[in-house]
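Have a look at the structure below before the remarks.
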Amino acid sequence: MGKKPGFQERCARWLLLLTIVHTVPVVWITPVAGGTAPTITLLAFGLASLFTFTRDGSALGLIALAPALSYCGIAWVLSWVLGKGLVRLPQPARASVLAIVVIALLLVVYFPVYVAGGHNSSRNVDLIDLFDNTLSVSVLVSYWIALHGLLALLYAGYLLRESHPAVAFVERWRNPVLIAAAMVLTGTGLYGYHPQLVCKPLAELGSASAQLCAAKKLDRDQRYWYERAAEQGELEAIAWLIKHTRDREGQLRWLRMGAERGDPLIQFALYQRLLRLRSPDAIAEAERWLRQAAKGGHAPAQMVLVAQLSKEIYRTQSRDRLAERNAWLERAAERGSRMAKLRLAQHHIDGSMGYPAELDRARAYIRELADGAEPTSYERARNLDAAYYRRRLEELSAWSEGLENRDPAVTKAMAERYLRSQIPGAGVPELGRKLLEEVAAGGDKDARDELIVGLRTGSGGLNKDTGAAMTWLISAAESGDTKAMERLAGNYMSGREGFAVDYPEARRWIEALIRSAESSDDLKAQARVRNLKNQLAYIDRLGKHAGEPLLGESDLNQLGQRSDAESHYRYAQQLLAGHGSKRRAEAVERLEEAARLGHGGAAWRLFHIYDRGFADEIDKAAALRMLQLAVANHHFDASRELAMSYEYGKRGLPVDLPRAIALYEETLAAGRDNRYEWNLDPDNYNHYRWLESRLRQARMKLSAASRPPA
């Protein structure tokens, strides 16, 4: 056996071997590589072909391995020969020569002396250029630094004496370090070349994840591997193909494939793409994918659905759609949508879209927006930044404090906000009304006027409540509001806006207006006084028609509850004079009841109604019957009218002069002795002189009719 090489000799051999391996050029028949490439590079190509388990692949692998093994053997022989030669030199010349040889060989790699090519083609490259074409720059730098460090350590070991303590330390740890270094180098090589060693062979065998790995790591046939992976359902591959496909049909194909795999992001992208086609079928399909994306938790899709449902709700006021819309909105907020949180905050501020008015909940959403991530593009376009949200938080806190302290301005503003809210939540209109009533009760005229109008008409977010509107109008009038007083007087006269006709109340408010206006020297006020006095005169004229002053609502109701003939008659007269056509039918019923009970005046009034009243009331037979009933009940005017009817043959009666004369005489006699308490004035022409003249004329007619013809 030969002498075992010493420590210095082994260092020299390894130093020369590593230097030669990384500097001597070699022309490869198989894929081009230089002497600086580690042997693992060639093994990678061989193993990649061996993974296919075919005869041709195995042969190709052996061919690829042969040059690598041969090259390593040649490099080892050269380093051994140089090492033996160096031993013959004395120290320190031996160390100097070794250093010069190593440095010279290392410098050679920076000159274009490497020839690569085949088939009569060649190219000059240096080591850097060679590595740049095979590995990344970061790998090159790391590898090159490690190589030079190792060479420096080997040279330092060569310079040490055999008895040096460091030599013993190195000898002790040499084998473990070499094993660890081999493992690191092998692992690094496998990691660096795993696309060729692992991904590509497995991709050929049909592994989807390996196909995706090959597509990412191998520039060659990249699209091919992405398509293979996509066909097996790899969403990342489908997303890459969507992005890198330019033709519309191809893009739609990959979008549909990704959408069918259940990816919400791709489903939403497909929805947007189909909308651009504008055809009915495409739009219907787009809506289907939009809902799928929303169900998959895609917040933008959920917000699009919220917008669509909102439009439908504004149009149809559908509560079912409202519940669906709010469910999507809340799901989007849970998924972190800032727009959804902003909408929910606004809904809780306004009490709109079915949400209750809760400032605390609104503050919680605004605080999340203020403390959350970067604003969206929508927020940036509208300057909705963190500072804005902090200001909103301060504003909401001020509103809450103002409501607690019953601040009139804040209370009124919030009341109007709640009353204006679109599709308010449960209790929101009631809360708005309550707050507005608080402000109105505190003396705010505008709030009171708003309440009166809103409650009377059901506008301004208030439900129609005629009784409450009346109460607030009376309150306004009692506080001295002249407009309210005038409106109140008009309502009592006309029975509008829920008020019952009550002329004494109308008179009271008109007189109060007159007193208020008379204290002013303004010409308009004086004209107003004249107008108000005309209204009083009108009320007096109505009383004349009723035969007595018009009664208030309470007194009229008491009168209507009586059952005697005179009460029926007076009640009917009050209705006819003060209520006009509104209660005319009731008045006619009361007159008929009074006439039935023997009231001549009631029968006489009914005669006029049936004889020449409204078109639907005229009934000549009933008129004659009432006229005769009035006469039977000793009504003076009825007696006179019936006598004239017989004299002239009116109202369907024949001419009957004797009957007319008898009625005239009976009427005059009853008037003279006040038989029926007619209280007729004997000097009154209309009562006596006129009747006497009618009697004379009737007698003359009878006398003329009884003479024989000449």
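Bear in mind these aren't lab numbers, they're just calculated from the coordinates by the rules spelled out. Everything quoted here is computed from the prediction, not taken from an experiment. So basically every Cβ, Gly included, is an ideal-geometry build from the backbone, and we count neighbours across all protein chains shown.
General remarks:
- Ordered by the count of other Cβ atoms within 10 Å of each Cβ, fewest first, S639, S516, S279 give S279, S516, S639.
- 32 Å Cα-Cα threshold exceeded, pairs from K544/K620; K533/K582; K200/K295: K200/K295
- Amide H within-cut-off set for G649, under 5 Å, with H built and near neighbours excluded: D656
- Neighbour counting of Cβ atoms within 10 Å sorts the residues L536, L270, fewest neighbours leading, into L536, L270.
- Rounded to two decimals, the Cα radius of gyration of segment 410-470 over 2.2 N^0.38 Å is 0.99.
- Equivalent ellipsoid, segment 506-557 (semi-axes from 5 times Cα gyration tensor eigenvalues, Å): 26, 12, 5
- Karplus-derived 3J(HN,Hα) values for segment 587-595, using 6.51 cos²θ - 1.76 cosθ + 1.60 with θ = phi - 60°, are 5, 4, 4, 5, 5, 5, 5, 5, 5 Hz; glycine and proline are entered as x.
- Among V177, V631, a tally of other beta-carbon atoms within 10 Å of each Cβ gives an order, fewest to most, of V177, V631.
- Here, segment 346-416 is characterised by an Rg to Rh ratio of 1.02, where Rg is the alpha-carbon radius of gyration and Rh the Kirkwood radius.
- Translational diffusion coefficient (Stokes-Einstein; Kirkwood radius from C-alpha pairs) of segment 635-710 at 20 °C, 1.002 mPa s, in µm²/s: 166 µm²/s
- In this Cβ point-charge picture (+1 for Lys and Arg, -1 for Asp and Glu), segment 635-710 has a dipole of about 440 debye about its Cα centre.
- Neighbourhood net charge (15 Å Cβ-Cβ; Lys/Arg +1, Asp/Glu -1) for D407: -3
- Each peptide in 425-438, 314-327 was scored by the mean count of other Cβ atoms within 10 Å over its residues; highest first, the order is 425-438, 314-327.
- Taking a straight Cα-Cα cut-off under 15 Å and skipping sequence neighbours fewer than 8 places away in the same chain, the aspartates and glutamates within cross-link reach of K84 are E9.
- Net charge of the neighbourhood of W328, taken over other residues with C-beta under 13 Å away and scored Lys/Arg +1, Asp/Glu -1, is +3.
- Using the average count of surrounding beta-carbon atoms within 10 Å as a protection proxy, the listed peptides 477-487, 611-621 rank, highest first, as 477-487, 611-621.
- About the centre of its Cα atoms, segment 349-471 shows a dipole size close to 280 debye [charges on the beta carbon of Lys, Arg (+1) and Asp, Glu (-1) only; nearest 20 debye].
- Extent along principal axes [Cα atoms of segment 511-651; Å; largest to smallest]: 62, 37, 27
- Taking Cβ atoms as reference points and 13 Å as the exclusive limit, the residues near R420 contribute a net charge of 0, counting Lys and Arg as +1 and Asp and Glu as -1.
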